[in-house]
Amino acid sequence: MPEVADSAVQSRSVDISAQRVARVYAQAIIDAADKKNCRADVLEELESLVRDVLPKVPRALEVFASPKVALEQKLALIDRIAAGRMQPTTVHALHVLARHGRLGLVGEIVAGARALANQLAGLQQAQFTTAVPLGDDQQRQLVADVEQAVGARLAASFAVNPELIGGLVVMIGDTVYDQSIATGLGRLGGNLHRRTIHEIQYGRDRLASA
């Protein structure tokens, strides 16, 4: 048991260390992009790399993370991936990560850069988890209503959890609003769009009965 406990403590220490490193490089990426007035483009290109490219090419992430792969190979891989698709500032940021042995943290770094950009823009991170997928109009309506209820602008992301009993959970920063449908509306100020809420619950009930 002591070995298990020590391992857990060590793992948490590694995670915290990685988060700190990610924040440092995230700040550097934002600063470099702002100097070239291309923050939005750089963030979108990096997010596309993490979201769309690397999951389809697992070998690429292995190369990024491996200390055994020569720097020249990593730089060449970056250039192949970026060719004609990324701005020089984006490519330079990836080269810097490669030279400093941090490409394996690219996902955490990009997430940190987005969070920092949202913070600088006055947006609070908000995670919406629903029992059923929502259409674009439903998402926009839900975000608008929650923004009105909490009095803040939100950077929203959506996830689906079919096992969600209440149909909707909203996490803003460290605060979780667990919508039980019957009582949860009041806790968000009663301003949520009731039609959207009912559609979420109806979709969940249909899913459960199926």
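Tell me which trypsin sites (Lys or Arg not before Pro) from segment 35-83 have a DSSP coil assignment and no more than 16 other beta carbons within 10 Å of their own.
Numbers: sites: K35, K36, R39, R51, K56, R59, K68, K74, R80; in loops: K36, K68.
Taking segment 35-83 and a limit of 16 other Cβ atoms within 10 Å, the loop trypsin sites (Lys or Arg not before Pro) found are K36, K68.
Debye-formula intensities of segment 56-160, expressed as log10 I(q)/I(0) at q = 0.14, 0.16, 0.23 Å⁻¹, are -0.74, -0.84, -1.13 (one equal scatterer per alpha-carbon, no solvent). Scalar couplings 3J(HN,Hα) for segment 124-141, obtained by applying the Karplus form with A = 6.51, B = -1.76, C = 1.60 to θ = phi - 60°, are 9, 5, 9, 10, 9, 10, 10, 6, 9, x, 10, x, 4, 5, 5, 4, 4, 5 Hz; x denotes Gly and Pro. In terms of the mean number of neighbouring beta-carbon atoms within 10 Å, the peptides 125-135, 144-154 order highest first as 125-135, 144-154.
For segment 58-69, 3J(HN,Hα) computed residue by residue from phi via the Karplus equation (6.51, -1.76, 1.60; θ = phi - 60°) reads x, 4, 5, 5, 4, 5, 4, 7, 6, x, 7, 7 Hz, glycine and proline entered as x. For D178 and D137, the FRET efficiency from 1/(1 + (r/R0)^6), where r spans their Cβ atoms and R0 equals 22 Å, is about 0.35. In this rough spin-label picture, where each label sits 7 Å from Cα along the Cβ direction, the R99-L123 distance is 3.1 nm. Projecting label points 7 angstrom from Cα along Cα→Cβ for E72 and Q148 puts them 6.2 nm apart.
None of the figures in this text is laboratory data; all of them are computed from the coordinates on show. Given the structure is predicted, the values throughout are model-derived calculations rather than measurements. Don't worry about glycine lacking a Cβ; one is built from the backbone with ideal geometry, like all the others, and counts go over all protein chains shown.
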